[in-house]
Amino acid sequence: MDTVGRLVVIVLFEGVDLLDVTGPPEVFSLARREADDADGYEVVLAAESMDPVTTGAGVRVLPDLTFREAAGRSVDTLVVPGSVEVDSERRVHALVDPVVVERVKELAGRSRRVASVCVGAHLLAAAGLLDGRRATTHWSTAPQLAAAHPEIEVDADPIFIREGDVWTGAGISACLDLSLALVADDLGEAVALRVARQLVMYLKRPSGQSQFSVPLEQISATRRIEDLRHHILRNLGRRLTVVDLAAYAHVSDRHLTRIFRTELNTTPYAYIESVRVEKARNELESSDATLERIASVCGFGTVDTLVRAFRRRLDATPTEYRRRFRTSRTG
């Protein structure tokens with residue numbers, strides 16, 4: 001057995017997402033420096049053999065040790081990245097290698113805590129580590145995770161979720177948010193803040209903060225729902241009710257609600273609000289428009305309604321969001 005205080009093992013396999021593998025070590029390395037703790041973290045990459053592994057980006061990475069060797073050590077944190085394939089229609093599918101799943105299951109039994117990065121949640125799920133838990137993953141594969149594992153409460157919205165000693169992270173860049181949260185849990189908020197500053201990151205996007213832009217990226221299968229989506233976008237500043245949308249689609253109110261639930265896994269009201277928040281988000285990032293103007297253009301009516309929607313969906317006020325994510329200034 002080794003005596004390292006915090007051994008972090010990152011699972012490595014063919015086709016793995018490169019940033020999933022390289023992002024967390026940067027955070028842990030900076031944490032070690034910022035905490036002045038020479039024994040704070042030791043990060044290693046573990047693979048089936050010592051042969052180079054080709055990542056999904058085509059970059060080859062060398063393992064530090066094999067899975068068998070890692071299983072002989074006392075692991076503090078097991079980090080499980082993911083891998084995807086994209087079909088001819090640009091739909092993303094998480095890949096689950098049974099061999100990797102078995103290795104993850106074995107190593108998890110040797111680890112104090114386990115954390116998945118992005119679609120790595122699919123590997124944790126296949127290993128049975130998410131049964132009965134709430135978990136997140138990249139929004140594009142969340143429906144796949146929910147369909148394959150109904151025993152898991154899949155929440156595609158948060159940046160990361162902690163359930164006891166199991167952590168799941170969302171989109172690829174959220175590996176940094178997740179790693180910062182792990183550092184904060186170990187060494188405190190002050191150290192994590194110093195690390196975030198070195199990374200020129202905002203500390204910290206709350207675990208409940210939404211994966212932005214999700215609603216507009218959802219894919220529907222029918223022309224009727226696409227027509228409705230475009231109708232909503234064209235009339236976002238107007239009053240939009242279920243009755244209005246049902247009349248436009250020539251269906252009953254109940255049937256309209258059923259269509260939205262089946263096609264987009266949401267309600268008409270929730271979808272309209274999500275699109276309005278998305279438009280408001282873009283306005284806040286790229287313009288100097290007042291909150292009153294944004295509330296009006298996006299169909300919220302009042303600033304209070306805009307603020308409530310932002311708090312509900314992004315865990316931030318519009319003013320806080322603009323301060324954090326402003327991309328340009330005019331004048």
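Residues in the stretch 256-268: is at least one of a type in the set (Phe, Trp, Tyr) and at pLDDT 85 or above? Give the derivation first.
Keep residues of the stretch 256-268 that are of a type in the set (Phe, Trp, Tyr), which gives 260.
Adding the requirement that they be at pLDDT 85 or above leaves 260.
Within the stretch 256-268 (the criterion being of a type in the set (Phe, Trp, Tyr) and at pLDDT 85 or above), the answer is yes, since at least one residue qualifies.
Among the polar types (S, T, N, Q), buried (at least 23 other Cβ atoms within 10 Å of the Cβ) and at pLDDT 95 or above, is that true of SER116?
yes
If ARG329 satisfies all but one of (1) at pLDDT 90 or above; (2) over 28 Å from ASP155 (Cβ atoms); (3) open to solvent by 30 Å² or more (accessible area, probe 1.4 Å), what's the number of the condition it fails?
All conditions pass for ARG329, except number (1).
Taking the options GLU14, GLU26, name whichever one is assigned to a helix (DSSP H, G or I) and open to solvent by 50 Å² or more (accessible area, probe 1.4 Å).
GLU26
From the list PRO215, PRO206, pick out the single residue that is modelled with pLDDT under 75 and part of a helix (DSSP H, G or I).
When all the criteria are applied, what remains is PRO215.
Out of the residues in the stretch 97-113 that are buried (at least 19 other Cβ atoms within 10 Å of the Cβ) and not charged (D, E, K, R), state the one that is nearest to PHE13 (Cα to Cα).
Residue satisfying both the conditions and the ranking: VAL100.
Of (1) open to solvent by 50 Å² or more (accessible area, probe 1.4 Å); (2) not in a helix (DSSP H, G or I), THR266 satisfies all except one. Which?
So the condition that THR266 fails would be (1).
If you scan the stretch 42-58, which residues turn out to be among the small types (Gly, Ala, Ser) and either open to solvent by 50 Å² or more (accessible area, probe 1.4 Å) or under 27 Å from the mean Cα position of the chain (by Cα) (or both)? Even if it seems obvious, please write down each step before you answer.
So in the stretch 42-58, the residues among the small types (Gly, Ala, Ser) come out as 46-47, 49, 56-58.
ALA46, ALA47, GLY56, ALA57, GLY58, listed by residue number.
Within the stretch 12-45, can you find the residues that are in contact with a Pro (Cβ under 6 Å, 6 or more places away or on another chain) and either among the polar types (S, T, N, Q) or within 19 Å of VAL99 (Cβ to Cβ) (or both)?
LEU12, VAL16, ASP17, ASP20, VAL21, LEU45
Identify, from the list ARG281, ARG324, ARG313, the residue that is part of a helix (DSSP H, G or I) and in contact with a strand residue (DSSP E or B) (Cβ under 6 Å, 6 or more places away or on another chain). Walk me through how you get there before you give the answer.
Working: ARG281 fails: in contact with a strand residue (DSSP E or B) (Cβ under 6 Å, 6 or more places away or on another chain); ARG324 fails: in contact with a strand residue (DSSP E or B) (Cβ under 6 Å, 6 or more places away or on another chain).
Answer to the check: ARG313.
Restrict the check to the stretch 239-255 and report whether at least one residue is without any contact (Cβ under 8 Å) to a residue 12 or more places away in the chain, crowded, with 18+ Cβ neighbours inside 10 Å and among the small types (Gly, Ala, Ser).
Checking the stretch 239-255: at least one residue is without any contact (Cβ under 8 Å) to a residue 12 or more places away in the chain, crowded, with 18+ Cβ neighbours inside 10 Å and among the small types (Gly, Ala, Ser).
The values are calculated or read from the model by the stated rules, or taken from the named source; none is laboratory data. No experiment lies behind these values; they were computed from the predicted model shown. Methodologically, a virtual Cβ is constructed for each residue, glycine included, from the backbone with ideal geometry; neighbour enumeration extends over all protein chains shown. Calculation scope for accessible area: heavy atoms of the full protein, side chains included, ligands and nucleic acids excluded. Shrake-Rupley method; radii C 1.70, N 1.55, O 1.52, S 1.80 Å.
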